[in-house]
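**Student:** Have a look at this one.
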Amino acid sequence: MVGKYVGLEDSYKSLNEALYHGGFAHRLRVKIHWVEAEALEAPDGDHLLDGADGILVPGGFGDRGTRGMMRAAQVARERRIPYFGICYGFQWAVVEFARNVCGLDDADSTEVSPETPTKVIYKLRDLLGIDDLGGTMRLGSYACRLKPGSLSHRLYGADVIHERHRHRYEFNPLYEQVLTDAGLDIVGRSLDGKFVEMVELPDHPWHVAVQFHPEFKSKPLKAHPLFAGFVEASTSTSLRA
């Protein structure tokens with residue numbers, strides 16, 4: 001797990017438990033190795049991911065460690081390691097893809113680079129055309145329609161799901177065409193089509209990034225399908241090695 005608060009592991013309590021639940025679903029014991037996102041920004045930082053069977057980048061906010069999160073997404077994509085991006089992990093996987101696959105070198109999130117000319121991730125108020133006073137966070141449960149035939153659709157076994165959100169920044173639809181032409185698959189959207197909720201890389205063993213927080217719906221005897229799928233994919237990586 002590549003995060004910003006790994007020195008305080010309880011910061012990821014819900015995620016830790018959801019990963020364990022994913023293991024229970026397959027009668028497996030999950031071993032979590034925490035990696036400080038900032039450490040991946042060092043020239044030799046990639047070695048911290050050597051031997052990883054799966055890489056999860058969780059939520060967060062602010063500038064610190066974001067380039068490390070982006071690097072984790074890139075390593076997972078290039079080494080074909082199962083990747084699970086949640087909230088901030090979704091956003092930085094999208095930025096990484098925009099930069100390193102689509103050639104949008106200055107692609108960024110306005111959360112850390114407000115003046116970037118290529119605002120791949122930007123504020124909710126910019127998408128909806130509202131002002132700064134109120135209404136600037138998507139908070140609580142939202143419905144999401146899944147793309148038939150996608151990995152996520154198969155894992156959930158449903159056409160429409162409901163997941164919990166807590167964030168202010170969104171996928172910018174102005175860049176949808178260039179990203180999807182390059183291979184990013186948008187597999188989950190809000191019912192009105194306005195918000196991108198989930199993306200996948202179809203030519204990757206397991207690369208799923210979500211804008212919401214699925215860990216909050218996982219239970220010991222009923223693992224969330226994304227966590228169960230991620231653990232299963234990570235186990236397959238280990239067996240191949």
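The values are calculated or read from the model by the stated rules, or taken from the named source; none is laboratory data. Not measured: the values here are computed from a predicted model. Cβ sites come from the backbone with ideal geometry, for glycine too, and all protein chains shown count toward neighbours.
**Student:** Mind counting the residues in segment 105-128 that are assigned to a loop (DSSP other than H, G, I, E, B) and in contact with a Gly (Cβ under 8 Å, 6 or more places away or on another chain)?
**Tutor:** Of the residues in that region, 2 qualify.
**Student:** Across segment 172-230, which residue is surrounded by the fewest Cβ atoms within 10 Å (Cβ to Cβ) among those that are under 19 Å from CYS87 (Cα atoms) and free of Cβ contacts under 8 Å to residues at least 40 places away in the same chain?
**Tutor:** The residue in question is GLY193.
**Student:** Of everything in segment 180-208 that's among the aliphatic types (A, V, I, L, M) and over 16 Å from the mean Cα position of the chain (by Cα), which residue is nearest to ARG138 (Cα to Cα)?
**Tutor:** Filtering first and then ranking leaves LEU191.
**Student:** Would you check which residues across segment 49-104 are assigned to a loop (DSSP other than H, G, I, E, B), more than 21 Å from ASN16 (Cβ to Cβ) and not charged (D, E, K, R) and list them?
**Tutor:** Once the filter is applied, which keeps residues that are assigned to a loop (DSSP other than H, G, I, E, B), more than 21 Å from ASN16 (Cβ to Cβ) and not charged (D, E, K, R), segment 49-104 yields GLY62, VAL101, CYS102, GLY103, LEU104.
**Student:** Being crowded, with 24+ Cβ neighbours inside 10 Å, under 15 Å from the mean Cα position of the chain (by Cα) and either closer than 18 Å to ALA182 by Cα or hydroxyl-bearing (Ser, Thr, Tyr) (or both): is that true of ALA72 here?
**Tutor:** Spelling it out, it is not the case that ALA72 is crowded, with 24+ Cβ neighbours inside 10 Å, under 15 Å from the mean Cα position of the chain (by Cα) and either closer than 18 Å to ALA182 by Cα or hydroxyl-bearing (Ser, Thr, Tyr) (or both).
**Student:** Quick check, is LEU40 within 18 Å of GLY229 (Cβ to Cβ), in contact with a Gly (Cβ under 8 Å, 6 or more places away or on another chain) and either surrounded by 13 or more Cβ atoms within 10 Å (Cβ to Cβ) or at pLDDT 95 or above (or both)? Break it down into steps so the answer makes sense when it comes.
**Tutor:** Values: within 18 Å of GLY229 (Cβ to Cβ): no; in contact with a Gly (Cβ under 8 Å, 6 or more places away or on another chain): yes; either surrounded by 13 or more Cβ atoms within 10 Å (Cβ to Cβ) or at pLDDT 95 or above (or both): yes.
The answer is no for LEU40.
**Student:** Filter segment 17-29 down to the residues that are farther than 19 Å from LEU48 by Cβ and of a type outside the set (D, E, K, R) and list them by number.
**Tutor:** ALA18, TYR20, HIS21, GLY22, GLY23, PHE24, ALA25, HIS26, LEU28
**Student:** I've got another one for you. Picking from LEU15, LEU40, which residue would you name as being of a type in the set (A, V, I, L, M), closer than 21 Å to PHE216 by Cα and either in contact (Cβ under 8 Å) with a residue 12 or more places away in the chain or part of a helix (DSSP H, G or I) (or both)? Before the answer, list the steps.
**Tutor:** Values: LEU40 fails: closer than 21 Å to PHE216 by Cα.
Selected residue: LEU15, the only one of LEU15, LEU40 that is of a type in the set (A, V, I, L, M), closer than 21 Å to PHE216 by Cα and either in contact (Cβ under 8 Å) with a residue 12 or more places away in the chain or part of a helix (DSSP H, G or I) (or both).
**Student:** A further question follows. Restricting attention to segment 43-69, and to residues there that are over 20 Å from PRO205 (Cα atoms) and among the hydrophobic types (A, V, I, L, M, F, W, C), which single residue is surrounded by the most Cβ atoms within 10 Å (Cβ to Cβ)?
**Tutor:** Once the filter is applied, the top-ranked residue is LEU48.
**Student:** Out of segment 223-241, which residues are part of a helix (DSSP H, G or I), of a type in the set (Gly, Ala, Ser) and at pLDDT 95 or above?
**Tutor:** Let us first name the residues in segment 223-241 that are part of a helix (DSSP H, G or I), namely 225-240.
Those left that are additionally of a type in the set (Gly, Ala, Ser): 228-229, 233-234, 236, 238.
Hits for segment 223-241 are ALA228, GLY229, ALA233, SER234.
**Student:** Being surrounded by fewer than 19 Cβ atoms within 10 Å (Cβ to Cβ), among the charged types (D, E, K, R) and assigned to a strand (DSSP E or B) is the filter here, so list the residues in segment 149-171 that pass it.
**Tutor:** Within segment 149-171, ARG164, ARG166 meet the criteria.
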